[in-house]
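Enquirer: Can you keep this structure in mind? I'll have questions shortly.
The values are calculated or read from the model by the stated rules, or taken from the named source; none is laboratory data. Note that the structure is predicted; figures quoted are calculated from it, not measured. No Cβ is skipped: glycine too gets one built from the backbone with ideal geometry, and neighbour counts run over all protein chains shown.
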Amino acid sequence: MWLRTECDITFNVSIPTPFILMLRPRSGVQQWVARQSYTLTPSVPVMEYTDVYGNLCQRLMAPVGKFQISTSADILTTDGIDTAPGAPFNDVQNLPDEVLTYLLPSRYCESDKLLDLGQQIVANVQPGYDQVMAIEQWIRENIRYNTDSPHYQLSAFEVNQEREGVCRELAHLGIALCRGLCIPARMVVGFLYELHPMDFHAWFEAYVNGRWYTFDPTQPSPRGGRVTVAYGHDAADVAIFTQFGPALYPEEMTVRMTQLPEAPG
């Protein structure tokens, strides 16, 4: 399916402020970026680089006053996601070098604190994909997905205590539980078609049977129509904007996603 993603973010900047933005999707295994636009108002010099996870990042200095970022992209993506019930567990000694880092505890995913819970959830479940399915279903049934949750920037351990959170919190818990079972897992941030309310979205991927699979405990069943913007260990690696200096929050932020009737011409 062809999707158009759009985002408008406005800041009111009090002093010149360095920013790192992470707003450009890139072509990959399951998505092809056919067109992109990226407008800064006022226009300022930008330096783009690729971080250690392969994400496209933009460095800039935001000037004093109103500063707006507007992005748009036309992307071909799958209208479903691959599933593989019964797919086997990968022994750690056989994992690719670049995947090993996703076994480790991280700032928001304290897998070492959730070992017992993970073992309880997957008791008598076949190792591999089915274990991740069991984790996803347990989160769906036991942790409330609340887009208006007052709890913000919770770690996996904390969201398990609070029993509710937004999409990133549920993804953190899924990642931590997987890592505690020696299943590599990573955070994904991007867009999900027909998400309500529309916003940037977070889910997680787990590595089984030699590849990454998508899991999203905020949704009742597997759904495609996803556009990936960034990967990382947890939310600390995939912030769509990071500013350096006094705390600065968007005055306005609008995210839109529409399906195109055909390939853009």
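Enquirer: Taking into account only those residues within the stretch 28-50 that are in contact (Cβ under 8 Å) with a residue 24 or more places away in the chain and not in a strand (DSSP E or B), which is surrounded by the fewest Cβ atoms within 10 Å (Cβ to Cβ)?
Expert: Among them, the one singled out is PRO42.
Enquirer: Among ILE143, ILE183, ILE139, which is the only one that is over 17 Å from ASP91 (Cα atoms) and buried (at least 21 other Cβ atoms within 10 Å of the Cβ)?
Expert: ILE139
Enquirer: Could you check how many residues of the stretch 174-198 are under 19 Å from TYR129 (Cβ atoms) and more than 13 Å from the chain's Cα centre (by Cα)?
Expert: Qualifying residue count for the region: 9.
Enquirer: Looking only at the stretch 114-150, how many residues end up being over 21 Å from CYS167 (Cβ atoms) and either assigned to a helix (DSSP H, G or I) or not assigned by TED's automatic domain parsing to the domain that holds GLU164 (or both)?
Expert: So the count comes out to 7.
Enquirer: Does the stretch 225-239 contain any residue that is more than 16 Å from the chain's Cα centre (by Cα) and in a strand (DSSP E or B)?
Expert: Within the stretch 225-239, not a single residue is more than 16 Å from the chain's Cα centre (by Cα) and in a strand (DSSP E or B).
Enquirer: Evaluate the stretch 80-94: report whether one residue or more is assigned to a strand (DSSP E or B) and either crowded, with 18+ Cβ neighbours inside 10 Å or of a type outside the set (Lys, Arg) (or both).
Expert: Within the stretch 80-94, one or more residues are assigned to a strand (DSSP E or B) and either crowded, with 18+ Cβ neighbours inside 10 Å or of a type outside the set (Lys, Arg) (or both).
Enquirer: Output the number of residues of the stretch 122-134 satisfying the condition of being surrounded by fewer than 14 Cβ atoms within 10 Å (Cβ to Cβ) and β-branched (Val, Ile, Thr).
Expert: The number of residues fulfilling the criteria is 0.
Enquirer: Given the criteria under 20 Å from ARG107 (Cβ atoms) and either small (Gly, Ala, Ser) or free of Cβ contacts under 8 Å to residues at least 40 places away in the same chain (or both), does PHE157 qualify?
Expert: Spelling it out, it is not the case that PHE157 is under 20 Å from ARG107 (Cβ atoms) and either small (Gly, Ala, Ser) or free of Cβ contacts under 8 Å to residues at least 40 places away in the same chain (or both).
Enquirer: Going through the stretch 100-121 one residue at a time, which ones are under 24 Å from TYR231 (Cβ atoms) and crowded, with 17+ Cβ neighbours inside 10 Å?
Expert: Answer for the stretch 100-121, where residues must be under 24 Å from TYR231 (Cβ atoms) and crowded, with 17+ Cβ neighbours inside 10 Å: TYR102, LEU103, PRO105, SER106, TYR108, CYS109, GLU110, SER111, LEU114, GLY118.
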